[in-house]
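Every number here is computed from the coordinates shown, using simple stated rules; none is lab data. This structure is a prediction, so every number in the text was calculated from the model and none was measured. As a convention, Cβ positions derive from the backbone with ideal geometry for all residues, glycine included, and neighbour counts pool all protein chains shown.
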Amino acid sequence: MKKLSTLFLFVVLAFTAVSCSKTEGEPSNVFTDNDNKGINISLTWTASSAVDIDVLVFRSGSSSATYSGSSFNTTTETVNLPKDLTDGTYIVKYQHFSGSTSASVSSKIKAIDGNKVVDASSKSVTQGATVDAFNIVKSGNKYTINQL
């Protein structure tokens, strides 16, 4: 009887330990560039007529864009940031470059060869405006995305 109660106690404790343990993954706004190939920022937007939205990436404290994506396209824009991007904070902005109507802009960001996609920001951008969308904090090969 003592062996049976000891076995029962062991099973209960083992089950409790397994069911209470939690596998900690990355938070939803964090991803890792495991292949060290850089990251991709992809914008999509909707507007009632053709508009051109550009994506601008500024190193924190800089008044000049460090990287930008600007090709005339009526619904998408993309920019790749290199694998050797210096650690630090970067501010991503949407610029309404041309067109006469406002646009609803969404962005996704991921490692170039990665599977995890972070929904970075959704913003409305009016004609001629530039808006702060989100920031990227890079540390090694880890990226944290924070909406602004």
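In whole Hz, what ³J(HN,Hα) sequence does the stretch 45-53 give by Karplus (6.51, -1.76, 1.60; θ = phi - 60°), x for Gly and Pro?
Running phi through 6.51 cos²θ - 1.76 cosθ + 1.60 with θ = phi - 60° gives 8, 10, 7, 6, 8, 4, 9, 10, 10 Hz.
For a quick check: with amide H placed at 1.01 Å from N, whose amide H comes under 5 Å from Q127's, ignoring anything fewer than 5 positions away on the same chain?
S102
Can you spot the aspartates and glutamates whose alpha carbon is less than 17 Å from K142's alpha carbon? Ignore those fewer than 8 places along the same chain.
E24, E26, D33, D35, D84, D87, D113, D119
Would you calculate the convex hull of the Cα atoms in the stretch 30-147 and tell me its volume per residue in Å³?
Numbers: hull volume 10.3 nm³, N = 118.
Each residue corresponds to 87 Å³ of Cα convex hull volume.
Given R₀ = 30 Å, what would the calculated FRET efficiency be for K116 paired with S49, taking r from the Cβ atoms and rounding to 0.05?
Rounded to the nearest 0.05, the efficiency is 0.30.
Mind listing the long-range amide H neighbours of A120? Cut-off is under 5 Å, sequence gap 5 or more, other chains count too, H placed in the peptide plane at 1.01 Å from N.
S107, K108, I109
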